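Asks: The structure follows.
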Amino acid sequence: MARYTGSVCRLCRREGAKLFLKGDRCYTEKCAVARRGYPPGEHGQRRRRTSEYGLQLREKQKLRRIYGVHEAQFARYFDMAERRRGITGENLLAILETRLDNVVYRLGLGASRAEARQLVRHGHIYVNGRRVSIPSYELREGDEISVRPASKNLVHFKSLAEAGPVTVPAWLSVNEDRLGGKVLSVPTRDQIDLDIQEHLIVELYSR
């Protein structure tokens, strides 16, 4: 299945918000959204009226791009969220948050979700002592994430181990060596720090 290979800064500009797709660059003055806070393209600076459907679509696209999932995969996640007990929008966010690549990113092992996804695919990440190379692998309460012992000698992980403490969401805990952590619980909506109006996505799929 094809993956987007263009400029990710264009995606942030299209959504009009920082999606933090470039890691550390997103926190600097070089961020494209900070420098050019309007949609890309020849007509990007024109003022446009957005319909109700347009607002719902943009919110869905924003969430999909934050986590780097395809359209069909996102639709499957929505179906899963709808079948589970509770509020569909919050269930959807919890499913996306507990993806292995996202948890690796949340633990500070990758500067961005794209880098975390690559670490998982290359076999550097263990779940409960076993190697898992599927970025979309859904973690559950009590699962432990660690770096493959042989990979700890890589420059990337050595620099992380030598760095200072990292701040993680309340539903995660980080190991003392910074190279791993544990899922304490399924995240609730107030523990997910995303500026997303998930009810708009539910309305879109309910059309």
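The values are calculated or read from the model by the stated rules, or taken from the named source; none is laboratory data. Bear in mind that the values here come from a model prediction, so they are computed numbers and not experimental data. With ideal geometry, Cβ positions are generated from the backbone for all residues, glycine too; neighbour counts draw on all protein chains shown.
Asks: Residue 135: part of a loop (DSSP other than H, G, I, E, B) and either in contact with a strand residue (DSSP E or B) (Cβ under 7 Å, 6 or more places away or on another chain) or free of Cβ contacts under 8 Å to residues at least 12 places away in the same chain (or both), yes or no?
Replies: Taking the combined requirement at face value, the residue satisfies it.
Asks: For the stretch 94-113, which positions are of a type in the set (A, V, I, L, M), part of a helix (DSSP H, G or I) and either touching a helix residue (DSSP H, G or I) at 6+ places or on another chain (Cβ under 6 Å) or free of Cβ contacts under 8 Å to residues at least 40 places away in the same chain (or both)? Full working, then the answer.
Replies: Filtering the stretch 94-113 down to residues of a type in the set (A, V, I, L, M) leaves 94-96, 100, 103-104, 107, 109, 111.
If we keep only those that are part of a helix (DSSP H, G or I) too, we end up with 94-96, 100, 103-104.
Matches in the stretch 94-113: 95, 96, 100, 104.
Asks: Within the stretch 48-101, restricting attention to residues that are under 16 Å from residue 202 (Cα atoms) and of a type in the set (Phe, Trp, Tyr), which residue is modelled with the lowest pLDDT?
Replies: By that ranking, first place goes to 53.
Asks: Here's something else I'd like to know. Out of all the residues in the stretch 138-161, which are out of contact with any strand residue (DSSP E or B) (no Cβ under 8 Å at 6 or more places or on another chain) and either assigned to a helix (DSSP H, G or I) or among the acidic types (Asp, Glu) (or both)?
Replies: The answer is 149, 150, 151, 152, 153, 155, 156, 158, 159, 160, 161.
Asks: Residue 190 - would you say it is over 15 Å from residue 139 (Cβ atoms), in a loop (DSSP other than H, G, I, E, B) and either at pLDDT below 95 or out of contact with any helix residue (DSSP H, G or I) (no Cβ under 6 Å at 6 or more places or on another chain) (or both)? Give the steps one after another, and end with the answer.
Replies: On the way: over 15 Å from residue 139 (Cβ atoms): yes; in a loop (DSSP other than H, G, I, E, B): no; either at pLDDT below 95 or out of contact with any helix residue (DSSP H, G or I) (no Cβ under 6 Å at 6 or more places or on another chain) (or both): yes.
For residue 190, the condition - over 15 Å from residue 139 (Cβ atoms), in a loop (DSSP other than H, G, I, E, B) and either at pLDDT below 95 or out of contact with any helix residue (DSSP H, G or I) (no Cβ under 6 Å at 6 or more places or on another chain) (or both) - is not met.
Asks: Which of (1) at pLDDT 95 or above; (2) more than 17 Å from the chain's Cα centre (by Cα) is the odd one out, the single condition residue 166 does not satisfy?
Replies: In the conditions (1) at pLDDT 95 or above; (2) more than 17 Å from the chain's Cα centre (by Cα), residue 166 misses (1) alone.
Asks: Continuing with this model, one more query. Can you name the residue in the stretch 173-195 that is more than 20 Å from residue 59 (Cα to Cα), in contact (Cβ under 8 Å) with a residue 24 or more places away in the chain and polar (S, T, N, Q) and, of all such residues, is surrounded by the fewest Cβ atoms within 10 Å (Cβ to Cβ)? Step through it out loud before you land on a result.
Replies: As a first pass, look at the stretch 173-195 and keep what is more than 20 Å from residue 59 (Cα to Cα): 173-187.
Adding the requirement that they be in contact (Cβ under 8 Å) with a residue 24 or more places away in the chain leaves 174-175, 178-187.
Retained after the next criterion (residues that are polar (S, T, N, Q)): 175, 185.
On the way: 175: 15, 185: 12.
Among those that are more than 20 Å from residue 59 (Cα to Cα), in contact (Cβ under 8 Å) with a residue 24 or more places away in the chain and polar (S, T, N, Q), it is 185.
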